[in-house]
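The next block holds one structure in the form of structure tokens; read it before the comments.
The values are calculated or read from the model by the stated rules, or taken from the named source; none is laboratory data. None of the values given here were measured: they were computed from a predicted structure. No Cβ is skipped: glycine too gets one built from the backbone with ideal geometry, and neighbour counts run over all protein chains shown. What goes into the accessible areas is simple: the full protein's heavy atoms, side chains included, and nothing from ligands, DNA or RNA. Shrake-Rupley method; radii C 1.70, N 1.55, O 1.52, S 1.80 Å.
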Amino acid sequence: MYKRGKKIDYHNRDLSNPFFRQKKKKRINFSAETMPLRKKLFIAEIIILFLGAIWLAGFSSIFSIKKIEITGLARISGQEIENSVWQQTKLNKFLFIPQKNLIFFDKSVLAKKLNADYSFEKIIINKKLLHTLSIDIQEKSYAFIWNEADKYYYTDMDGYLISEVSPLDIKVKKYPIISNESENKIESENQGGVEKINIDSNLINYIINLFNNFPSDSEKQQEGSDAPKSLKIEKFAIDLNKEPNTVKVVLVYGPAILFNTNEVIDKQIEKLLLVKNKKLKDDFYNKQSIDLRYGSSIYYR
């Protein structure tokens, strides 16, 4: 007799592949109630040490700035630099930490301010534990003297005014004097900051090169002649509005000499010496002007 087999229910069978079964994730409970007491104390110590370090570094007097060392100044008062430092110490860093603390004093902010106010050549700021801020400054060198509206200023190669000087103190012509006869006047680069002349740097370089290469003829005065034979420069005059490409050399004795800034200096000097030594000779000093600006031609009157 045929025996009927048991019917298999495939709906209730687990047909999943055992090799791809995912492990059940364990839930980790970080409840403070289940945390061991030792671990709680350790975390509390870390927090206390962290807050104490912030207080010690930022708010205690252990690292307060008490001394400012300034070196390298020759023309500017060190007190002015100190005042800038003390003003910055009244400000905060990271919103709440005072900069009177040496560790959090922002050196880059101070360097930026000093350059804006004085236009130094170089500034090196160091912190010396526990209370000293060291500032080494290199001032910019004089390049020429700028004359405008009856005032004289020592000026650097970039056209920044360094300091005013009395004309009575300009005894040795170590630096060329540039007299501004144009409408372009001194302008301030920022509010209360450094003043700069409104002149192209190429023109500054041209005048300084002309000053350095100008012939210094020191022949003695001939007997019976009233004309001193010396090409001694009094100043360089410019008028950027009327004659933008012209530099006028004003001599202590003799005519004004006009140079073209678009022409080579050496060639114009050769023409000057030619007209002085070969053509005009002693009559050179009786002329009002010598114009060297037009190619190989020389004009005088």
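Numbers below:
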{"item": "With all protein chains modelled, accessible area of Ile48 [1.4 Å, Å²]", "result": "120 Å²"}
{"item": "Gain on full stretching of the segment that runs from Gln138 to Ser216 - 0.36 nm per residue minus C-alpha separation", "result": "24.8 nm"}
{"item": "Computed accessible area, Ser77, all protein chains, 1.4 angstrom probe, square angstrom", "result": "50 Å²"}
{"item": "Rounded, prolate or oblate (a/c below 1.5 giving rounded, otherwise prolate when a/b exceeds b/c) for the range 49-133 by Cα gyration tensor", "result": "prolate"}
{"item": "Considering only the range 113-181, percent of DSSP beta bridges that pair antiparallel, nearest 5", "result": "85 percent"}
{"item": "Accessible-area value, Glu270, 1.4 Å probe, nucleic acids and ligands omitted, Å²", "result": "130 Å²"}
{"item": "Net charge of neighbours whose Cβ lies under 10 Å from the Cβ of Ile103, counting Lys and Arg as +1 and Asp and Glu as -1", "result": "+2"}
{"item": "Dipole in debye (nearest 20) - the range 32-144, about Cα centre, beta carbon charges: Lys, Arg +1; Asp, Glu -1", "result": "260 debye"}
{"item": "Probe 1.4 Å, accessible area per residue of the range 41-145, Å²", "result": "60 Å²"}
{"item": "Euclidean distance between Cα centres, the range 129-174 to the range 243-301, Å", "result": "31 Å"}
{"item": "Under 5 Å, built H, 5+ apart or other chain: amide partners of Ala256", "result": "Ser289, Ile290"}
{"item": "Extension reserve of the Arg75-Met157 stretch, reckoned as 0.36 nm per residue once the Cα distance is removed", "result": "27.8 nm"}
{"item": "Size of electric dipole in the range 117-195: Cβ of Lys, Arg +1 and of Asp, Glu -1, about Cα centre, debye, nearest 20", "result": "500 debye"}
{"item": "Residue pairs, from the table Lys151/Lys248; Lys174/Lys281; Lys171/Lys267; Lys140/Lys232, whose Cα atoms sit over 25 Å apart", "result": "Lys174/Lys281; Lys171/Lys267; Lys140/Lys232"}
